[in-house]
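Student: Before I ask anything, here is the structure I am working with.
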Amino acid sequence: MLILFDIDLTLTNTSGAGMKALVDAGRELFGPAFHAEGVDFAGRLDPLIIDDLLAVNEQEATPHNRARLRATYRGYLSRRLAAPGTAQALPGVLDLIRVLRTRETQTLGLLTGNFEETGRMKLQAAGIDAGAFTLAAWGDHSPITPPRRDHLVPVAMERYFEQHGRRADPARVTVIGDTPHDVACARAHGCRSIGVATGRTSLDELKACRASLAVRDLTGTQMLVSWLEG
């Protein structure tokens, strides 16, 4: 069984540090008027967010500009996450991971819009052991251009095959996330989903977009483990 977790507002709350650090980076590179107004961050891939930020600030989305913004973002994010109280694990997360990683039949992974280097920084700042996740599909791992979140599920499943030598049954793959994007990418590949209302999407909205299970947060460890194994 493969369980794939989103990071932002599913596992961690970083007080908007990612968005703020991207704006910090943009202002260093492109001037003090750089802004994020009109750019949607929730549930989206970092490469697409960077392209949108460049577009609304009338900067070309060249490979050079993308790479500079990504590299500069990393430094600003590190500084923002270092501020006390900025990052926390969300309710129930540490207990759920602790129990799941003891189950021999469970493989824990990440499916996230974050770049690897900054996603790992967020986990560490929130006190979550990245070593609990034995595989990952990061935001820039789509093999298709333009990238989409639903491209990442097959990437994660292929890494499961490489790790275990057998194919993952989609019916035994669960995507856990806080947005309709997480639910939709699971449904696109016949996987289950848990929608978690710890982000900007309400419990009713997660139910409406047909999450297999919708919960207020990841407390209730035993119920969640039983559902995942059921």
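Student: Would you mind finding the one in ARG103, ARG68 that is in a helix (DSSP H, G or I), open to solvent by 70 Å² or more (accessible area, probe 1.4 Å) and out of contact with any strand residue (DSSP E or B) (no Cβ under 9 Å at 6 or more places or on another chain)? Reasoning before the result, please.
Tutor: Values: ARG103 fails: in a helix (DSSP H, G or I).
Criteria check complete, one pass: ARG68.
Student: If a residue must be without any contact (Cβ under 8 Å) to a residue 40 or more places away in the chain and open to solvent by 50 Å² or more (accessible area, probe 1.4 Å), how many such residues does region 132-171 contain?
Tutor: 14
Student: Is one or more of the residues making up region 183-199 over 14 Å from the mean Cα position of the chain (by Cα), under 23 Å from PHE41 (Cβ atoms), open to solvent by 20 Å² or more (accessible area, probe 1.4 Å) and not small (Gly, Ala, Ser)?
Tutor: Yes, there is a match, as at least one residue in region 183-199 is over 14 Å from the mean Cα position of the chain (by Cα), under 23 Å from PHE41 (Cβ atoms), open to solvent by 20 Å² or more (accessible area, probe 1.4 Å) and not small (Gly, Ala, Ser).
Student: Return the only residue of THR174, THR102, THR112 being in contact (Cβ under 8 Å) with a residue 24 or more places away in the chain, more than 28 Å from ASP51 (Cβ to Cβ) and among the β-branched types (Val, Ile, Thr).
Tutor: Numbers: THR102 fails: in contact (Cβ under 8 Å) with a residue 24 or more places away in the chain; THR112 fails: more than 28 Å from ASP51 (Cβ to Cβ).
Testing whether each residue is in contact (Cβ under 8 Å) with a residue 24 or more places away in the chain, more than 28 Å from ASP51 (Cβ to Cβ) and among the β-branched types (Val, Ile, Thr) leaves just THR174.
Student: Follow-up question, since we're still on this one. Modelled with pLDDT of 95 or more and over 15 Å from the mean Cα position of the chain (by Cα): is that true of ARG172 in this structure?
Tutor: Values: modelled with pLDDT of 95 or more: yes; over 15 Å from the mean Cα position of the chain (by Cα): yes.
Spelling it out, ARG172 is indeed modelled with pLDDT of 95 or more and over 15 Å from the mean Cα position of the chain (by Cα).
Student: Related question: Hey, among the residues in region 117-131 that are surrounded by fewer than 16 Cβ atoms within 10 Å (Cβ to Cβ) and among the charged types (D, E, K, R), which one's farthest from THR198 (Cα to Cα)? Give the derivation first.
Tutor: Within region 117-131, the first condition is being surrounded by fewer than 16 Cβ atoms within 10 Å (Cβ to Cβ), and the residues that meet it are 117, 124, 127, 129-131.
Those still in the list that are among the charged types (D, E, K, R) too: 117, 129.
Numbers: GLU117: 23, ASP129: 20 Å.
Per the criteria, the residue is GLU117.
Student: How many of the residues in region 171-219 are touching a strand residue (DSSP E or B) at 6+ places or on another chain (Cβ under 6 Å) and of a type outside the set (A, V, I, L, M, F, W, C)?
Tutor: 8
Student: Residues in region 83-95 that are at negative phi, in contact (Cβ under 8 Å) with a residue 40 or more places away in the chain and not in a helix (DSSP H, G or I): how many? Spell out how you get there, then give the answer.
Tutor: Step one: filter region 83-95 for residues at negative phi, giving 83-84, 86-91, 93-95.
Now drop any that are not in contact (Cβ under 8 Å) with a residue 40 or more places away in the chain, which leaves 86-91, 93, 95.
Of the ones still in play, those that are also not in a helix (DSSP H, G or I) are 86-91.
Adding up the residues that qualify gives 6.
Student: Is it true that ARG98 is open to solvent by 70 Å² or more (accessible area, probe 1.4 Å), in a helix (DSSP H, G or I) and under 30 Å from ASP169 (Cβ atoms)? Steps first, answer last, please.
Tutor: On the way: open to solvent by 70 Å² or more (accessible area, probe 1.4 Å): yes; in a helix (DSSP H, G or I): yes; under 30 Å from ASP169 (Cβ atoms): yes.
Against the criterion (open to solvent by 70 Å² or more (accessible area, probe 1.4 Å), in a helix (DSSP H, G or I) and under 30 Å from ASP169 (Cβ atoms)), ARG98 qualifies.
Student: Here is a further query. Pairs needed: first member in region 184-211, more than 21 Å from HIS151 (Cα to Cα); second member anywhere, among the hydrophobic types (A, V, I, L, M, F, W, C) and modelled with pLDDT under 95; C-beta distance under 8 Å; at least 6 residues apart or different chains.
Tutor: Within 8 Å, the pairs are GLY199/ALA42; ARG200/ALA42; THR201/ALA42.
Student: Another question, then. Residues in region 73-93 that are crowded, with 20+ Cβ neighbours inside 10 Å and out of contact with any Ser or Thr (no Cβ under 9 Å at 6 or more places or on another chain): how many?
Tutor: Going through region 73-93 one residue at a time, the tally reaches 1.
Student: Working carefully through the options GLY16, GLY26, GLY38, find the one that is more than 29 Å from PRO91 (Cα to Cα) and open to solvent by 10 Å² or more (accessible area, probe 1.4 Å). Talk me through it step by step, then tell me what you get.
Tutor: Numbers: GLY16 fails: more than 29 Å from PRO91 (Cα to Cα); GLY26 fails: open to solvent by 10 Å² or more (accessible area, probe 1.4 Å).
Result: GLY38 is the single residue among GLY16, GLY26, GLY38 that is more than 29 Å from PRO91 (Cα to Cα) and open to solvent by 10 Å² or more (accessible area, probe 1.4 Å).
Student: Which condition number does VAL56 fail, the rest of (1) open to solvent by 20 Å² or more (accessible area, probe 1.4 Å); (2) in contact (Cβ under 8 Å) with a residue 12 or more places away in the chain; (3) farther than 22 Å from ASP150 by Cβ; (4) touching a helix residue (DSSP H, G or I) at 6+ places or on another chain (Cβ under 9 Å) being met?
Tutor: For VAL56, the exception is condition (4).
The values are calculated or read from the model by the stated rules, or taken from the named source; none is laboratory data. As the structure is a computational prediction, the values presented were derived from the model and not from experiment. Methodologically, a virtual Cβ is constructed for each residue, glycine included, from the backbone with ideal geometry; neighbour enumeration extends over all protein chains shown. Note: areas computed on protein heavy atoms with side chains; ligands, DNA, RNA excluded. Shrake-Rupley method; radii C 1.70, N 1.55, O 1.52, S 1.80 Å.
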